[in-house]
Amino acid sequence: MTKKAKLKIDGMTCASCAGHVKKELEKLSGAKNININVVMGKGFLEVDDSVTDKQIEDAVKEAGYTATEVIFEEEKSSSHSHSNHASYDKGEENKWSKRLIGAWVFTIPAILVMYSEKLFGIEAFSMQTMTIIMLALSFPVIFIFGYPTIKSGLRGFYKLYFTMDSLIALGTIIAFSTGILTFFMEMQDYSGVSGMIMTIFITGKYIETKAKGKATQEIRKLLELGAKNAVVIRGKKEIEIPISEVKVGDVMIVKPGEKIPIDGTVVKGDSSVDESMITGESLPVDKLKGGNVIGATINQDGILYVRAEKIGKDTFLAHIIKLVEEAQGTKVPIQAMADKITNIFVPAVLVITVLTFFSWLIFSSYEIGAVIGIAISVLVIACPCALGLAVPIALTVGSGIGAKHGVLIRKGEAIQTMKEVKIILFDKTGTITKGKPEVVDYYSKVKESYLWDISGSLEKLSEHPISKAVVKKANLKKYRAVKSFKVLRGRGVEGKIGSKDIVIGNATLMKEKKISLKGFEDKIEKFEEKGQTTMIVSENKEVIGVIAVADALKDDSIAALRKLDEQGYKTVMITGDNERTAKAIAKEVGIDEVIANVLPEDKAKKVEELQKEGFVAFVGDGVNDAPALKQANVGIAMGTGTDIAIEAGDLVLAKGSLEGVVQAINLSKATFRKIKQNLFWAFAYNVIAIPLAIAGILSPIIAEAAMALSSITVVSNANLLRRKKI
């Protein structure tokens, strides 16, 4: 048996760090599906049951980092882990902020002293005194405020696990050492520059961490959505308790303007609820007795009494957060290329630096100090950080924005695959339609109120979905007494109301009961041409009305399908319904092709057949859709559907509307566009910058500033995704 583990990792600064952690975790028994997200400072993996949290912590420590928390899925408490996660992100920013302030306190005087002649026209100190001052001012910058970087970097040489920190540590220590060497030999002094390099590096890391915080703010907002307390009825008293103490079955009182504490069912009261933070739906949703409510949504105008149904990690909000966190731990296929380059990048730079040093020393007339300066520039200009951040930062921002709109990216590869999709295959019931029959039309030969009076009273005794639709439409306050009630399977119902025999059912039942449909044939045909199911109402063997029932379209199905058509997608509907009904619905929503009379188990085969024409996305919501969701190149599951369908989907639409399909496609395309842009900038930067450093054109300070800027550019570019309207 395997179990899922989630861990928080402290000390990672670049993609190389993530690679080293992954290598150590791979040594654990049965460890698989390991994903390390350097942006979030998190790891996700599956391990054998025998693996303990101590073993995972030791593996991370062996790689040179600290696992601050290891949570196995079955142990996870949403309130515990979520609050820690939110504060942990801020903690990283605070650490770099303190280092930044400390470093600049010593670097500003160093700049003033170093450039005193250029700035003030005076030469205040002798060269030897200047060197002593530079060493004194640079020492705390490098070995106190830059200590974590130096420690991590030097560990890389000991472990042969090289990271960006290895390059910075080597560059600053060599530069610092030149100041000491000037007391023993004639050479250029870079001791003042060493402190500046570290300060610029720390400044860049602070800006980058702050930008990462923006990248993860959507998930942090989700974490902060939940209510902290709940008012529950215990005995006959109303008491306020922490959310963690609410038990399944507790009845909670939610007043207007308050957050609904956790998922539950309304047992008393009616109100409208703002569910926008969960589903992205801007309009409030009416809630009556028996209605389901979601934790963290806001009660608008009435008092609701809600029975708690789900707590902790079982709540809808916890489930969404879990999906988003897991998505941010997955990888996009294009990242594999970036990871391979990153893994060999730092060792390659070290080799290039050595070759550059000896080439300039042997083939130029430069003295050793100047050659060391060129070698330092090569060390600090190279930036695997930008390359390693390019993909995960865009995926983190994209999945956060998706969560805000109710579009949950479960698997990162869907982002890349979505751009190849040519065909979108839709399940009908519960996907294009609401999945619940509704009365959509009717014709009455008698007074309308009388038709609904007898229809509602008779159908009230049946549990059939169509009967429920009739009862809902009738909306009676008082029902008539019914005698001799009988359900006629697959055909309808019958019974006596007063002295009259009432039969409600399909044409087959009318024929069986020898009831003439004369005068109603045209009406019945007209309804059925629209794909509607007709229920004929007869009284004492005489037809008095026809009720048309249909699985009504979701409110935005037509608009969503039109948008997909405009974007050039081929749309196909698959259903177990007969062809006439299926074609009527397809025509109404504007779908190109219909596959009707399909058994549930055959849906995956139909997906496979369509894949011969190109990449297929399948949109579905039921248990029987899970195989098709898995078979499709991209599975899009309705969040209003079953857990099995959601687990099978690559993308999940929390709102359960087809508008979400359009949003998911737009988000996927926008996120992948950012990934490509980021990779371009990261590659272009290194292709241009490293040769310039080798040629001796860039000074170490300019080189370090350019390196820091490249990481900031990639993170800032990913954050521009927020402006994208999906």
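Normalised radius of gyration (Cα atoms, divided by 2.2 N^0.38 Å) for region 126-187: 1.25. Nonpolar atom fraction for the chain, defined as the carbon and sulfur part of the 1.4 Å probe accessible area, stands at 56 percent. Rg/Rh for region 604-726 (Cα atoms only, Rh after Kirkwood) is 1.23.
Would you mind giving the three semi-axes, in whole Å and largest first, of the ellipsoid equivalent to region 240-279 according to its Cα gyration tensor? Please report the intermediate quantities before stating the final value.
Values: eigenvalues 64, 34, 21 Å².
The equivalent ellipsoid of region 240-279 has semi-axes of 18, 13, 10 Å.
Go through [x] 0.99; [y] 0.96; [z] 1.12 and flag the label whose value is the computed Rg/Rh (Cα atoms, Kirkwood Rh) for this structure. Label of the calculated value: [z]. Using the 1.4 Å probe convention, the accessible area of the chain works out to 44 Å² per residue with neighbouring protein chains retained. Checking the cross-link pairs LYS255/LYS468; LYS259/LYS404; LYS460/LYS603; LYS310/LYS436; LYS22/LYS210 against a 28 Å limit on the alpha carbon distance flags LYS255/LYS468; LYS460/LYS603 as lying beyond it.
The share of alpha-carbon pairs in region 381-459 lying farther apart than 22 Å comes to 61%.
What helices does the chain hold that run 27 Å or longer along their axis, going by alpha-carbon atoms, with a Kyte-Doolittle average of -0.5 or more, using DSSP H for the helix calls?
On the way: long enough: 78-114 (54 Å, -0.40); 191-215 (36 Å, 0.27); 333-363 (44 Å, 1.54); 384-404 (31 Å, 1.35); 659-694 (53 Å, 0.63); 700-719 (29 Å, 1.07).
Result, helices passing both filters: 78-114, 191-215, 333-363, 384-404, 659-694, 700-719.
Here the gap between GLU420 and GLN300, fully extended at 0.36 nm per residue and compared with their Cα-Cα distance, gives a gain of 38.9 nm.
Can you list which of the trypsin sites (Lys or Arg not before Pro) found in region 1-64 are DSSP loop residues with at most 13 other C-beta atoms within 10 Å? Working shown, then result.
Working: sites: LYS3, LYS4, LYS6, LYS8, LYS22, LYS23, LYS27, LYS32, LYS42, LYS54, LYS61; in loops: LYS27.
In loop regions of region 1-64 (DSSP not H, G, I, E or B), the sparsely surrounded trypsin sites (Lys or Arg not before Pro) are LYS27.
Considering only the Cα atoms of region 661-726, their convex hull presents on average a projected area of 4.5 nm².
With a cut-off of 8 Å between alpha carbons and a minimum separation of six or more residues, what is the relative contact order of the chain in percent? Provide the component values of the computation, followed by the final result.
Details: 1445 pairs, mean separation 94.2, N = 726.
It comes to 13 percent, rounded to a whole number.
Per the Kirkwood treatment, what hydrodynamic radius in Å, one decimal, follows for region 301-452 from the mean inverse distance over all distinct Cα pairs? Walk me through the numbers on the way to the answer.
On the way: mean 1/r = 0.0449 Å⁻¹.
About 22.3 Å for region 301-452.
Kirkwood Rh, Cα Rg: Rg to Rh for region 8-50? Ratio value, two decimals: 0.98.
Just in region 560-627: which trypsin sites (Lys or Arg not before Pro) are loop by DSSP and have at most 11 other Cβ atoms within 10 Å? Could the numbers behind the result be given before it?
Values: sites: ARG562, LYS563, LYS570, ARG580, LYS583, LYS587, LYS603, LYS605, LYS606, LYS612; in loops: LYS612.
Those satisfying the criteria are LYS612.
Within the straight-line cut-off of under 13 Å between alpha carbons, the aspartates and glutamates reachable from LYS605 are ASP625, sequence neighbours fewer than 8 places apart in one chain being disregarded.
Distance check, please: which entries in LYS583/LYS606; LYS445/LYS473; LYS322/LYS419; LYS473/LYS500; LYS563/LYS724 exceed 20 angstrom between their Cα atoms?
Details: LYS583/LYS606 17 Å; LYS445/LYS473 18 Å; LYS322/LYS419 25 Å; LYS473/LYS500 22 Å; LYS563/LYS724 17 Å.
Cα-Cα > 20 Å for LYS322/LYS419; LYS473/LYS500; rest within.
So in the chain, what percent of DSSP beta bridges are antiparallel if you round to the nearest 5? Bridges in the chain that DSSP calls antiparallel: roughly 80 percent. Efficiency by 1/(1 + (r/R0)^6): what FRET value for ASN475 and LYS247, r their Cβ-Cβ distance, R0 = 25 Å, to the nearest 0.05? Given R0 = 25 Å and the Cβ-Cβ separation, E is 0.10.
The values are calculated or read from the model by the stated rules, or taken from the named source; none is laboratory data. Bear in mind that the values here come from a model prediction, so they are computed numbers and not experimental data. Every residue, glycine as well, gets a Cβ built from its backbone with ideal geometry; the counts of neighbours run over all protein chains shown. With ligands, DNA and RNA removed, areas are computed over all heavy atoms of the protein, side chains included. Shrake-Rupley method; radii C 1.70, N 1.55, O 1.52, S 1.80 Å.
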